[in-house]
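*Asks:* Quick one: the structure is below, questions incoming.
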Amino acid sequence: MMEMEWPSCLDEYEKLVIRMNTPRVVIDNGACSTATLVKVDSARRYGNLLEAVQILTDINLSIKKAYVSSDGRWFMDVFHVTDQNGEKLTDDTVIRYLEQSLGTTHYRRNEAFNGATTALELTGTDRVGLLSEVFAVLADLQCDVVEAKIWTHNGRIASLIYVKDCNSGSPIEDRQKIDIIVARLRSVLKGDNDIRSAKTSVSMAVTHTERRLHQMMFADRDYERKAILKSNAADSPGVTVQNCAERGYSVVYVQCKDRTKLLFDVIFTLTDMEYVVFHATINTAEERAYLEFYIRHSDGTPISSEPERQRVIQCLQAAIQRRASEGVRLELCTVDRPGLLADVMRTFRENGLNVTRAEISTARDMARNVFYVTDAVGNAADPKTIESVRQRIGLSELTVKEVASSCDQATEREEQTVGVGGAVLFTLGSMVRRNLYNLGLIKSCS
């Protein structure tokens, strides 16, 4: 537990107020043999839980279990976390960072390129070759892509692209050039059939990229649209919502394939829809995740209608699926140069590959990009096609890692047998007892 340093001008009362409103953070490596326990307790503030989960996921920690308990005024959150290798946390730098970040009342992530780039926000109808056209336009307009994230879901695409001027290396601030960039990108996004919903804008605001992508997809109402490309229905997330009338909560239960940042995606969606999580239990086992939330509106009321219940289900399913990675993962590591992305995307398009998700970054003149690709209709890409693409781009620069796009047969059979409707929602009493047991505050949860 880190020691707080007090400014000399504070009196004892002011110190007490700060202590009461500052989260207490404990990093415990001794309580569990397989994970590090991160405990946070303090006065509950709307958004606290989301900020804590965001801090953990921003440094790529995996949350294996979590317990959340709150009475609306005070909370205790316990997370069982591991590093990217599935090991407990041993790096003192990481531990100090967690203590410092979780121990503040307001967390803001410092984006690597905020202030040094211009952020372009794009939404529209997804199609094969769209990104090839987008990056070709940016290359033609002398825009250097520094970082980008692209998500696709239900036939829609959302992207945040951070660019700077190729010649000056500075953010693009000239109003006339910005207007030209926006107009040309909007024309590309519109294509022949997306005149109304294609959107392109420039943002100078500091933002968390993944939170913003969720918001863009949500505003685009991707959760109401039907998928155009093929997807694996057996791996669709199961979400149920029921009311716990005697306690005044709505209970949300999620069962799906586990993956990195799953909890962040779910918590963010609930928070952005103005629900408050009062109690929660998160468990993972054999690549499956089981999440249970007791929620209310920010005004203290539970979900009150069937349309609202269905909307929560749709929005949570969409939030989970947006980051799902289907197809083949291609990793590109090469010296950055003007027009690199335009060339790579053109090669994908000419070989009939569709990019379903992408993460683009540059550091010290090196491009480190990740692409998830399928064929034109969403099926697994032909290995011969992938090899042909690698030959053209460079075998040593472009490496391949297969990504499972479906559950194994055993999991699929289990889903068919049990189904979401068969998932048992725990009572509030049993959940609280289980949380207290896991926190070590009682000897038995029976």
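*Asks:* Pulled fully out, how much extra length does the chain show between Glu274 and Glu287, if you take 0.36 nm times their separation in residues and subtract their Cα-Cα distance?
*Replies:* Residue separation times 0.36 nm, minus the Cα-Cα distance, leaves 1.7 nm.
*Asks:* Residue separation times 0.36 nm, minus the C-alpha to C-alpha distance between Asp58 and Asn29: what's the value?
*Replies:* Additional length available on full extension: 8.4 nm.
*Asks:* While we're here: Calculate the tail of P(r) for region 216-309: the fraction of all Cα-Cα distances greater than 16 Å, expressed in %.
*Replies:* It works out to 62 percent of all Cα pairs.
*Asks:* Which entries of Lys164/Lys261; Lys39/Lys149; Lys64/Lys88; Lys65/Lys88; Lys226/Lys257; Lys149/Lys190 show an alpha-carbon separation above 23 angstrom in the structure shown?
*Replies:* Pairs exceeding the cut-off: Lys164/Lys261; Lys39/Lys149.
*Asks:* Dipole of region 118-198 (Lys/Arg Cβ +1, Asp/Glu Cβ -1, origin at the Cα centre): which of Ala139, Cys166, Leu185 lies farthest to the positive side?
*Replies:* The Cα lying farthest towards the positive end belongs to Leu185.
*Asks:* Using a simple spin-label model with points 7 Å from Cα along the Cα→Cβ vector, what separation in nm is obtained for Ser388 and Gln242?
*Replies:* So the label points at Ser388 and Gln242 sit 5.3 nm apart.
*Asks:* Another question, if that's okay. Could you give the size of the charge dipole of region 236-295 about its Cα centre, using +1 on the Cβ of each K and R and -1 on the Cβ of each D and E, expressed in debye and rounded to the nearest 20?
*Replies:* 80
*Asks:* Please express the shape of region 273-377 as an equivalent ellipsoid: the semi-axes are the square roots of 5 times the eigenvalues of the C-alpha gyration tensor, given largest first in whole angstrom.
*Replies:* Working: eigenvalues 316, 55, 43 Å².
Working from the Cα gyration tensor, I get semi-axes of 40, 17, 15 Å.
*Asks:* For region 49-101, count the residues as N, evaluate 2.2 N^0.38 Å, and divide the Cα radius of gyration by that value, please.
*Replies:* Numbers: Rg = 11.8 Å, N = 53, 2.2 N^0.38 = 9.9 Å.
Region 49-101 yields a ratio of 1.19.
*Asks:* Just to confirm a number: summing +1 for Lys and Arg and -1 for Asp and Glu over residues other than Ala183 whose beta-carbon lies under 12 angstrom from that of Ala183, what do you get?
*Replies:* Taking every Cβ under 12 Å from that of Ala183, the sum is +3.
*Asks:* Could you work out how much longer the chain between Arg259 and Arg175 gets when fully extended? Use 0.36 nm per residue separation minus the Cα distance between them, nm to one decimal.
*Replies:* 26.1 nm
*Asks:* Please report the equivalent ellipsoid semi-axes of region 129-168, computed as sqrt(5 x eigenvalue) of the Cα gyration tensor, largest first, in whole Å.
*Replies:* 22, 12, 5
*Asks:* For the peptides 300-306, 94-100, 246-252, what is the packing order when you average, over each peptide's residues, the other Cβ atoms within 10 Å and list the highest mean first?
*Replies:* Highest-to-lowest ranking by the protection proxy: 246-252, 94-100, 300-306.
*Asks:* List the equivalent ellipsoid semi-axes of region 303-343 in whole Å, largest first, each obtained as the square root of 5λ for an eigenvalue λ of the Cα gyration tensor.
*Replies:* The equivalent ellipsoid of region 303-343 has semi-axes of 41, 12, 7 Å.
*Asks:* Can you pull the one-decimal nm distance between simple spin-label points at Asn379 and Val335, each 7 Å off the Cα toward Cβ?
*Replies:* 4.0
*Asks:* Rank-order 167-180, 335-348, 261-274 by packing density, defined as the average count of other C-beta atoms within 10 Å over each peptide's residues, highest first.
*Replies:* 261-274, 335-348, 167-180
Since every read-out is calculated from the coordinates, none of them should be taken as a lab result. All values reported here derive from a predicted model rather than from experimental measurement. Every residue, glycine as well, gets a Cβ built from its backbone with ideal geometry; the counts of neighbours run over all protein chains shown.
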